[in-house]
Amino acid sequence: MTAIRRGGVEDLEAVAAIQRASPGAAGWNVADYLKEDIRVAIVGDRIVGFLVARTVAADEREILNLAVAPEFRRKGVARGLVADALGAFRGSVFLEVRESNGVAQEFYKSLGFKELSRRKGYYDCPPETAIVMKFHSC
């Protein structure tokens, strides 16, 4: 069973390891996640995934990063993290995903996200277009 809770400074080492093992995830400084809403997924006593989001306005949120440890992928961990982040939130939720990350695009579409636009040259290392996706809950 996967438990989800708010992340803290004690979780950053595990979050960094998951981020390093996830080439499709943003490679940001994990300490900066503490300024946002970070959620961690736990199986047993191990952190197996994380999601970072922020509230942009009363009716708008943005998912900044989501990653799951390789051996826990395709087991509902990411789906649980997104569901937890959306919770009782009502409004629009946005995210960007690399154009080459078809697995992530299909995952988000399965949750009801729709492609909204494209941002050419949004990513660097390597340079790539971002697909902006949006979910709206009533």
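The values are calculated or read from the model by the stated rules, or taken from the named source; none is laboratory data. Note that the coordinates shown come from a computational prediction; the quantities given were computed from them, not determined experimentally. Positions of Cβ are backbone-derived with ideal geometry, glycine not excepted, and every protein chain shown enters the neighbour counts.
Tell me yes or no: at least one residue of the stretch 72-89 is over 16 Å from the mean Cα position of the chain (by Cα) and over 21 Å from ILE38 (Cβ atoms). So far as the stretch 72-89 goes, no, none of its residues is over 16 Å from the mean Cα position of the chain (by Cα) and over 21 Å from ILE38 (Cβ atoms). When the stretch 102-119 is examined, which residues are found to be of a type in the set (S, T, N, Q) and within 13 Å of the chain's Cα centre (by Cα)? Within the stretch 102-119, just GLN105 meets the criteria. Residues that are exposed (fewer than 14 other Cβ atoms within 10 Å of the Cβ) and at pLDDT 95 or above were ranked within the stretch 24-33; the one that is nearest to LEU86 (Cα to Cα) is ASP32.
For the stretch 85-115, a residue qualifies if it is within 24 Å of PRO23 (Cβ to Cβ) and assigned to a strand (DSSP E or B), and the qualifying residues are VAL93, PHE94, LEU95, GLU96, VAL97, ARG98, GLU115. Applying the set (1) of a type in the set (A, V, I, L, M, F, W, C); (2) within 27 Å of THR129 (Cα to Cα); (3) surrounded by fewer than 19 Cβ atoms within 10 Å (Cβ to Cβ) to VAL52 leaves exactly one unmet item: (3). Taking the stretch 8-26 as the range and being part of a loop (DSSP other than H, G, I, E, B), under 14 Å from the mean Cα position of the chain (by Cα) and touching a residue at least 12 places away in the same chain (Cβ under 8 Å) as the test, the residues that pass are SER22, GLY24, ALA25, ALA26. Among the residues of the stretch 86-135, those that are surrounded by 13 or more Cβ atoms within 10 Å (Cβ to Cβ), modelled with pLDDT under 90 and farther than 18 Å from GLY27 by Cβ comprise LEU86, PHE89.
When the test is whether a residue is charged (D, E, K, R), outside any loop (DSSP other than H, G, I, E, B) and under 14 Å from the mean Cα position of the chain (by Cα), ARG5 does not pass it. Scanning the stretch 50-84 for residues that are part of a strand (DSSP E or B) and in contact with a Ser or Thr (Cβ under 6 Å, 6 or more places away or on another chain) gives GLU60, ARG61, ALA67.
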